[in-house]
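Read the structure below first, then the notes.
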């Protein structure tokens, strides 16, 4: 396990936390462990397509519930459809 410095920990507040390996210049996306665990079973082939779809729906619902701009965005898209 790697212990982050204070500067590195502040970077986690960015919308997309990306770490660059200075040796290889490869980019890595940092995600919270809970998110990683959700996708791990899918990557290991333990989930079927239905379970994966349900998981994606659940994650998106959680994101929508915490999005302060969602209602405003939805009102714009409804206006465009008319």
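Each value in this text was obtained by applying a stated rule to the coordinates, not by laboratory testing. Everything quoted here is computed from the prediction, not taken from an experiment. FYI the Cβ positions are ideal-geometry reconstructions off the backbone, even for glycines, and counts take in every protein chain you see.
Which angle between 0 and 90 degrees, to the nearest 10, do you get for helix 33-43 versus the longest principal axis of the chain when only C-alpha atoms count?
80 degrees
Order these by the 10 Å Cβ neighbour count, fewest first: 75, 41.
75, 41
Which residue, 21, 44, 57, tops the fluctuation ranking in a GNM of the chain built on C-alpha contacts under 10 Å?
Highest fluctuation among the options: 21.
Length gain on complete extension for the stretch residue 4 to residue 44, per 0.36 nm per residue less the alpha carbon to alpha carbon distance?
Extra length available between residue 4 and residue 44 comes to 11.7 nm.
If you average the sequence gap of Cα pairs under 8 Å that are 6 or more apart and divide by the length of the chain, what percent do you get for the contact order?
Here the relative contact order equals 12 percent.
Just grab the label-to-label distance for residue 72 and residue 51, each label 7 Å out from Cα along the Cβ direction, in nm (one decimal).
Label-label distance for residue 72 and residue 51, simple model: 4.0 nm.
Mind telling me which of 70, 43, 12 comes out most flexible in a GNM of the chain, alpha-carbon contacts under 10 Å?
Most flexible of the set in this elastic network: 70.
When the helices in the chain are scored as -39500 (n - 2.57) per DSSP H run of 4 or longer and the sum is shared across all residues, what 222 nm value do you end up with, to the nearest 500 deg cm²/dmol?
-17000 deg cm²/dmol
Using only the alpha-carbon atoms of the chain, report the extent along each of the three principal axes, biggest first, to the nearest angstrom.
On the principal axes, the chain reaches 53, 34, 21 Å in Cα extent.
Which angle from 0 to 90°, rounded to the nearest 10, does the C-alpha axis of helix 49-65 make with the longest principal axis of the chain?
Roughly 80 degrees, rounded to the nearest 10.
For a Förster distance of 22 Å, can you work out the FRET efficiency between the beta-carbons of residue 17 and residue 61, rounded to the nearest 0.05?
0.45
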